[in-house]
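Structure record follows, encoded as structure tokens.
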Amino acid sequence: MRIVIVGASRFGIATAEQLGEAGHEVVLVDADGEKLERLAETLDCGMLEGDGSLPSVQRDAYGDGADALLALTNVDDVNILAALVGRSVGFPRVVPQIVRRQLLAVCEELGLENLITPHATVARAIVRSLEEGRSSALDLRTHSGFDVLGYRVGAEQDGCTVGELKLPAGARAIAVTREEENLLLTETTRLAEGDTLIAAVSADAQEEMAARFPAERGR
């Protein structure tokens, strides 16, 4: 297949790498020409400098034909616009990345049926793995610079809400497993000693997280 990716974000780059390794032809579009030049040293795919939400740029990327357009910038609004433009340009399939849940209904109204919702997808995978009792629940990794890790809630955190934990900037709580119950978290979810807190944690924040939760950490 020939795939056009709009956005040299971490997710966009990782997706380009995976598609290339699978033998697909990839064109990566981004407005930052210098970034594309750096990526060209290690990433084996086509590079096109320009605003990927513009019809003229997308037509250049489409060339004689392409199978899909992935809009993977870090801005939902840009991804939606790029997907709509891609549909008008003639891409058989357009797939935008959407992080804000509030925009999912908008995408549905616009007829954008194929969406990438990374946070929701990771959370569902965690809960599904926990429900199935597989140890891999705490071994989910991404190419976005963080690991999904489990931490045992201790006596100091007993009774605290997720918001009261004040986790470091590089960590975000996702779910908790409690005996046979698995819960996705909100800021007001109250934790109990013995819970396993599942969080997405960047490499820079892992040392601080380990210090806050000194008990054995699941991986």
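Kindly provide the set of residues from region 64-115 that are assigned to a helix (DSSP H, G or I) and out of contact with any strand residue (DSSP E or B) (no Cβ under 9 Å at 6 or more places or on another chain), ordered by number.
ASP77, SER88, ARG101, GLN102, LEU103, LEU104, ALA105, VAL106, GLU108, GLU109, listed by residue number.
Filter region 1-14 down to the residues that are part of a helix (DSSP H, G or I) and touching a Leu at 6+ places or on another chain (Cβ under 6 Å) and list them by number.
PHE11, GLY12
Have a look at ALA8, ALA22, ALA14 and point out the one that is small (Gly, Ala, Ser) and in contact with a His (Cβ under 8 Å, 6 or more places away or on another chain).
Residue meeting the stated conditions: ALA14.
I'm checking my understanding of the structure. Among residues of region 194-215 that are small (Gly, Ala, Ser) and surrounded by fewer than 22 Cβ atoms within 10 Å (Cβ to Cβ), which one is nearest to PRO168 (Cα to Cα)?
Only one residue fits best here, namely ALA205.
Pick out the one residue from LEU70, LEU81, LEU103, LEU54 that is open to solvent by less than 50 Å² (accessible area, probe 1.4 Å), closer than 21 Å to ASP32 by Cβ and among the aliphatic types (A, V, I, L, M).
It is LEU70.
Looking only at region 165-181, filter to residues that are in a loop (DSSP other than H, G, I, E, B) and more than 12 Å from MET209 (Cα to Cα); which one of those is modelled with the lowest pLDDT?
It comes out as GLU180.
Could you tell me which of the residues LEU48, LEU43, LEU28, LEU36 is open to solvent by less than 30 Å² (accessible area, probe 1.4 Å) and assigned to a strand (DSSP E or B)?
Going through LEU48, LEU43, LEU28, LEU36 in turn, the sole match is LEU28.
Among the residues of region 148-164, is any assigned to a loop (DSSP other than H, G, I, E, B), modelled with pLDDT under 80 and β-branched (Val, Ile, Thr)?
no
Need pairs with beta-carbon distance below 7 Å; first residue among the aromatic types (Phe, Trp, Tyr) and within region 69-93, second open to solvent by 20 Å² or more (accessible area, probe 1.4 Å); sequence gap 6+ or separate chains.
Filtered contacts from region 69-93: PHE91/TYR62.
For residues that are open to solvent by 70 Å² or more (accessible area, probe 1.4 Å) and part of a helix (DSSP H, G or I), scanning just region 15-25, find the one that is farthest from VAL89 (Cα to Cα).
Out of the qualifying residues, it is GLU21.
The values are calculated or read from the model by the stated rules, or taken from the named source; none is laboratory data. All values derive from a computational prediction rather than experimental measurement. For neighbour counting, all protein chains shown are included, and Cβ atoms are generated from backbone atoms with ideal geometry for every residue, glycine included. Just so you know, the surface numbers come from the protein's heavy atoms only, side chains and all, with ligands and any DNA or RNA stripped out. Shrake-Rupley method; radii C 1.70, N 1.55, O 1.52, S 1.80 Å.
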